[in-house]
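The values are calculated or read from the model by the stated rules, or taken from the named source; none is laboratory data. Everything quoted here is computed from the prediction, not taken from an experiment. Cβ placement follows ideal geometry from the backbone for every residue including glycine, while neighbour counts extend to all protein chains displayed.
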Amino acid sequence: MSELYDVIIIGGGPAGLSAAQYAARAKLKTIVIDKSATAGALAYTHKIENYPGLPTPVSGKELLDIFRNQATGFGAEYIETQVIGVNLTGNVKEVFTMDKNYSGKAVILATGSMGRKPTIKGEADFLGRGVSYCAICDAAFYKGKTVCVIGDSEETVKEAGVLTKFAEIVYLISPSSKLKVGADYPALQEKNLKALLGQSVSAIEGTDIVERVRMTDLDGNESALELSGVFVYLHGSKPIIDFLGGTVELSEEECISTNRMMETSIPGVFAAGDMTCTEVRQVVVAASNGCIAALSAEKYIFHRKRRKYDWGK
C-alpha cells in the first residue's frame with residue numbers, strides 16, 4: 001500500500017495552499033498535488049493590491065509563492081503532477097496521478113474554476129482520437145508525428161516543450177499575438193517547436209482520427225494545417241472536475257456542493273475555493289475556504305465534536 005497521508009490537497013491555488021498551511025500546522029501529514037505552479041487564475045494575475053496584510057502590490061505569482069512557502073514551512077509536501085482520477089468511497093481515499101498513487105484519510109479539492117466545455121468545432125468529437133488535454137499523459141502516442149498545442153499561457157508553452165521530446169514537429173498555436181512568457185523561455189528554444197501567433201483554431205477535422213486543424217488569423221484569413229494530435233490549453237470559467245468521475249455531488253452549474261464547513265457529499269472529502277462557485281471570487285475568500293476545509297478535515301480525522309482552532313499552545 002502507498003504511504004498514508006492525513007490530508008491530500010488537490011490544487012495549489014490560494015484555497016489549496018491555505019488549507020495546506022492550516023493542516024500542516026495542525027501536525028497533519030499533508031501533501032499538495034498541483035498540476036502547475038503557473039497555471040491557476042491567481043498565477044495569471046498581474047497585480048494584487050487588496051489582499052490583507054500586503055502593504056505594497058505584488059503579482060499573483062509572488063503571492064502564491066508566499067502561500068506555498070508558508071505551507072511547506074509548516075511541513076506540507078508540495079509536488080507538481082497531473083491528477084487523473086480518484087477513489088473517494090472508502091475510509092482511505094486514493095488519488096491517482098501520472099507518476100504514482102497517493103492514499104489519505106481525507107481529501108481537500110481545490111482545483112479552481114478555469115475549466116471549459118469543448119468549444120472548438122470537432123473538439124468533442126475527436127477527444128481520445130487525437131484531441132487531448134494532457135501532454136504528459138499522451139505525448140508518447142505521437143512519437144515522430146506532427147502535433148499542435150493551442151493556448152498562450154506558460155502552462156501551454158511548458159506542455160509544448162514536453163511534446164518536443166516525442167513529436168517530430170510541434171506547432172504552438174496562440175490566439176493572441178504574444179505569449180505569456182519571455183522569448184528566452186527554454187521550451188521556445190527547441191528546434192522542432194514552431195510558434196504560430198495570432199491564430200485561432202476554428203475547427204478540428206479528420207475521419208476516424210484527427211487529420212488537420214483549420215485556423216483564422218487576426219485579419220480573418222483562413223488556413224489549414226495537417227497533423228495528428230491537438231492539445232488544448234484554453235481556459236474557461238467552469239470548475240475543474242473532470243478527474244472526479246462524477247463521484248462528488250454537483251450543483252446544476254456543475255459546482256461542487258458543500259455546506260458552510262466545506263464538507264461535500266462524501267465523508268472525509270472537502271472542497272474549497274472557486275470550484276464551489278462561491279458568489280464572491282476573491283483570493284481572500286478562497287483562502288478562507290481553505291482554512292475552513294482544513295479545520296473540518298482535522299475534526300473528521302480525529303473524530304472531534306468541535307473543530308480545534310489553535311495549535312500554538
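Being out of contact with any His (no Cβ under 9 Å at 6 or more places or on another chain), within 21 Å of residue 291 (Cα to Cα) and touching a residue at least 60 places away in the same chain (Cβ under 8 Å) is a condition met by at least one residue of region 52-60. In region 266-278, is there at least one residue being over 16 Å from residue 14 (Cβ atoms), outside the structural domain of residue 152 (by TED's automatic domain parsing), of a type in the set (Gly, Ala, Ser) and in contact (Cβ under 8 Å) with a residue 24 or more places away in the chain? Yes, because at least one residue in region 266-278 is over 16 Å from residue 14 (Cβ atoms), outside the structural domain of residue 152 (by TED's automatic domain parsing), of a type in the set (Gly, Ala, Ser) and in contact (Cβ under 8 Å) with a residue 24 or more places away in the chain. Taking region 152-167 as the range and being touching a strand residue (DSSP E or B) at 6+ places or on another chain (Cβ under 6 Å) and either assigned to a loop (DSSP other than H, G, I, E, B) or not assigned by TED's automatic domain parsing to the domain that holds residue 137 (or both) as the test, the residues that pass are 152, 164, 167. When each of 150, 136, 169 is tested for being touching a residue at least 12 places away in the same chain (Cβ under 8 Å), in contact with an Asp or Glu (Cβ under 9 Å, 6 or more places away or on another chain) and farther than 30 Å from residue 262 by Cα, the lone residue that passes is 136. Just name the residue that is farthest from residue 95 (Cα to Cα) out of those in region 29-40 that are out of contact with any Pro (no Cβ under 9 Å at 6 or more places or on another chain) and either part of a loop (DSSP other than H, G, I, E, B) or modelled with pLDDT under 85 (or both). Looking at the filtered set, the residue picked out is 38.
As a summary of the residue check, residue 255 satisfies the conditions (1) crowded, with 20+ Cβ neighbours inside 10 Å; (2) modelled with pLDDT under 90 except for the one numbered (1).
Would you check if there is a residue in region 189-205 being in a strand (DSSP E or B), touching a Ser or Thr at 6+ places or on another chain (Cβ under 6 Å), small (Gly, Ala, Ser) and more than 20 Å from residue 81 (Cα to Cα)?
yes
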